[in-house]
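Each value in this text was obtained by applying a stated rule to the coordinates, not by laboratory testing. What you are looking at is a predicted structure, and each value in this text was computed from that prediction instead of being measured. Using ideal geometry, Cβ is built from the backbone for each residue, glycine included, and neighbour counts are taken over all protein chains shown.
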Amino acid sequence: MKAAIYIFIAIAAGLIIFNITKLDFDNLFEGDSQVAAISILASACVILLMLILRSSRKISGKK
């Protein structure tokens, strides 16, 4: 499970980097740029959730 968490974090970070290249800063919320912005936000949420899961598993292991 520990390896899976790190794999999901790496995939989400890769998706953030990929979607940053798709952003059009002149029209940020139109067309493909809107999809990229939403995908960046979703990937950031995945990273946050995986970090919370990792912390909670560390805490439960100390009990």
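Given +1 on the Cβ of Lys and Arg, -1 on the Cβ of Asp and Glu, and no further charges, what dipole in debye does the chain carry about its Cα centre, rounded to the nearest 20?
Working: 7 positive and 4 negative charges, 194 e Å.
The calculation lands at about 920 debye.
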Review point. Using the alpha-carbon atoms, what tilt in degrees (0 to 90, nearest 10) does helix 32-62 show relative to the longest principal axis of the chain?
Key: 10 degrees
Practice item. Place a label point 7 angstrom from the Cα of Arg57 along the Cα-to-Cβ direction, then list the residues of region 4-26 whose backbone nitrogen is under 19 Å away. Key: 4-14
Revision key, fill the gap. With Cα coordinates, the longest principal axis of the chain makes an angle with the long axis of helix 2-22, in degrees rounded to 10, of 10 degrees
Practice item. Using label points projected 7 Å from each Cα along Cα→Cβ, tell me how many nm separate Ala44 and Asp32, to one decimal. Key: 2.2 nm
Study note, to complete from the structure: For the chain, whose charge dipole is built from +1 on Lys and Arg Cβ atoms and -1 on Asp and Glu Cβ atoms, the candidate among Ala12, Ser39, Phe25 with its Cα farthest towards the positive end is Ala12
